[in-house]
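The values are calculated or read from the model by the stated rules, or taken from the named source; none is laboratory data. Remember, it's a predicted structure, so these values are computed and weren't measured experimentally. Positions of Cβ are backbone-derived with ideal geometry, glycine not excepted, and every protein chain shown enters the neighbour counts. Please note that ligands, DNA and RNA were not included when accessible areas were found on the heavy atoms of the full protein model with its side chains. Shrake-Rupley method; radii C 1.70, N 1.55, O 1.52, S 1.80 Å.
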Amino acid sequence: MRRLDRLAPLFHPGTLPPRRGLVGLALIIGLFVGAAALGLAVANQHHGIGPTAQTFAITVNGAQMSPSTLRVRDGDQVVLSITGDRSETIVLQGYQQHITLIPGVAVVASFVAARAGSFDFVIDGSGRKIGELDITA
């Protein structure tokens, strides 16, 4: 304990010689700048934000979908609220999402965009393309 009592005053900022104080200050600034640079590098790799929920209000009139192209990022939660003018089933190919429309009623479908690419919305039975979902990495 006696040895610690002799060493403790040596580390007090008021007892340090001016040169040691500048070296300590330079070390602190260097550590701060290094940590900030590392944080910015990690944030840049992740585009600054993580996956988010993307909600789309879609109308289907006849064989036309509006909007016809939906764009999301890989990992996003996709929420579709689709209102149609007639009873039919819309299929999102590649995701096996079958959405049965009821005239004038908003039907909701939700899924995670798990893989990048372009996926077509088609009318079940006829296979007619009415829109697409673009997922970027």
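Quick one: how many Å² of residue 58 are accessible to a 1.4 Å probe, rounded to 10?
0 Å²
How much area per residue is accessible in region 93-137 when the probe is 1.4 Å and only protein heavy atoms are counted (Å²)? Please report the intermediate quantities before stating the final value.
Values: 2420 Å² over 45 residues.
Counting only protein heavy atoms, the per-residue value for region 93-137 is 54 Å².
Can you tell me how much longer the chain between residue 105 and residue 68 gets when fully stretched, taken as 0.36 nm per residue apart minus their C-alpha distance, in nm with one decimal? Present the calculation step by step, with values, prior to reporting the outcome.
Values: separation 37, 0.36 × 37 = 13.32 nm, distance 1.92 nm.
Difference between extended and current length: 11.4 nm.
If amide hydrogens are placed 1.01 Å from N in the peptide plane, which non-local residues have theirs closer than 5 Å to the one on residue 71?
The answer is 134.
Which percent of the accessible heavy-atom area of region 48-104 goes to carbon and sulfur, probe 1.4 angstrom?
Accessible surface attributable to carbon and sulfur in region 48-104 totals 50 percent.
Going 7 Å from the Cα of residue 53 along its beta-carbon direction, which residues of region 113-137 have the amide nitrogen within less than 18 Å of the resulting point?
113-114
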